[in-house]
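The next block holds one structure in the form of structure tokens; read it before the comments.
The values are calculated or read from the model by the stated rules, or taken from the named source; none is laboratory data. Computed from a predicted model, the values in this text were never measured in an experiment. Cβ placement follows ideal geometry from the backbone for every residue including glycine, while neighbour counts extend to all protein chains displayed.
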Amino acid sequence: MKKILFVCTHNAGRSQMAEGYLNATYGDRYSAFSAGSEPASQVNPLVIKAMQEIGIDISGAKPKLIDEFDGIKMDLLVTLCDSGTCPLFPWAQETIHQTFPDPKTLTGTEEEMLEGIRAIRDAITGWIDENLGKV
């Protein structure tokens with residue numbers, strides 16, 4: 001089983017969605033984890049809600065510092081952030097950088113922000129299906 005670490009700055013949105021989706025959908029082939037370089041205090045509640053809409057419960061997820069994975073060999077590191085704060089991870093055999101918008105930057109009503117998060121979720125899950133689901 002391949003180990004994959006998804007990383008974004010705050011580990012409160014994109015990486016949590018990717019980890020949850022990969023484990024729920026392709027958990028027979030992958031073991032996914034997520035972390036951040038500057039973890040938030042909690043996962044964005046609207047991200048949790050958007051994932052529940054597709055049948056994936058990440059309500060128990062907690063943001064983690066990437067240092068928690070020091071020395072743990074990963075087959076793949078996927079950085080999801082577009083900022084310069086995505087760290088390098090020397091224990092990964094391969095690194096891919098795939099940018100997705102940060103849910104934290106969304107503004108508007110709660111429903112407007114949720115709609116934006118759904119679009120990010122769908123982009124992430126589509127990328128995973130296309131790039132990891134066919135492997």
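To keep it simple, each residue is scored yes or no on (1) touching a His at 6+ places or on another chain (Cβ under 9 Å); (2) crowded, with 24+ Cβ neighbours inside 10 Å; (3) closer than 16 Å to P101 by Cα.
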site: I4; (1), (2), (3): no, yes, no
site: T9; (1), (2), (3): no, yes, yes
site: D57; (1), (2), (3): no, no, no
site: K64; (1), (2), (3): no, no, no
site: M74; (1), (2), (3): no, no, no
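If you go through region 105-117 and keep only what is of a type outside the set (A, V, I, L, M) and surrounded by 17 or more Cβ atoms within 10 Å (Cβ to Cβ), you end up with just G116. The condition of being under 18 Å from V7 (Cα atoms), among the acidic types (D, E) and under 14 Å from the mean Cα position of the chain (by Cα) holds for D82.
When you scan region 87-99, do you find a residue that is buried (at least 18 other Cβ atoms within 10 Å of the Cβ) and within 13 Å of the chain's Cα centre (by Cα), even just one? Checked against the condition, which is being buried (at least 18 other Cβ atoms within 10 Å of the Cβ) and within 13 Å of the chain's Cα centre (by Cα), region 87-99 yields no hits at all. Among the residues making up region 96-135, those that are under 18 Å from A32 (Cβ atoms) and outside any helix (DSSP H, G or I) are I96, H97, Q98, F100, L132, G133, K134, V135.
Against the condition touching a Lys or Arg at 6+ places or on another chain (Cβ under 9 Å) and either buried (at least 19 other Cβ atoms within 10 Å of the Cβ) or at pLDDT 95 or above (or both), how does A35 come out, does it pass? Criteria met by A35. Go through the residues of region 23-32 one by one and say whether even a single one is under 18 Å from P90 (Cα atoms), surrounded by fewer than 21 Cβ atoms within 10 Å (Cβ to Cβ), in contact with a strand residue (DSSP E or B) (Cβ under 7 Å, 6 or more places away or on another chain) and modelled with pLDDT of 95 or more. Checked region 23-32: no residue is under 18 Å from P90 (Cα atoms), surrounded by fewer than 21 Cβ atoms within 10 Å (Cβ to Cβ), in contact with a strand residue (DSSP E or B) (Cβ under 7 Å, 6 or more places away or on another chain) and modelled with pLDDT of 95 or more. Checking each residue in region 90-131 for being modelled with pLDDT under 95, in contact with a Phe, Trp or Tyr (Cβ under 9 Å, 6 or more places away or on another chain) and not β-branched (V, I, T) picks out W91, Q98, F100. Among the residues of region 21-51, how many are in contact (Cβ under 8 Å) with a residue 40 or more places away in the chain, over 15 Å from D102 (Cα atoms) and part of a helix (DSSP H, G or I)? Total satisfying the criteria: 6.
Among the residues here, G20 does not qualify as small (G, A, S), surrounded by 14 or more Cβ atoms within 10 Å (Cβ to Cβ) and farther than 22 Å from D129 by Cβ.
Filtered by the rule that a residue be in a helix (DSSP H, G or I) and out of contact with any Gly (no Cβ under 7 Å at 6 or more places or on another chain), region 5-20 gives R14, Q16, M17, A18, E19, G20.
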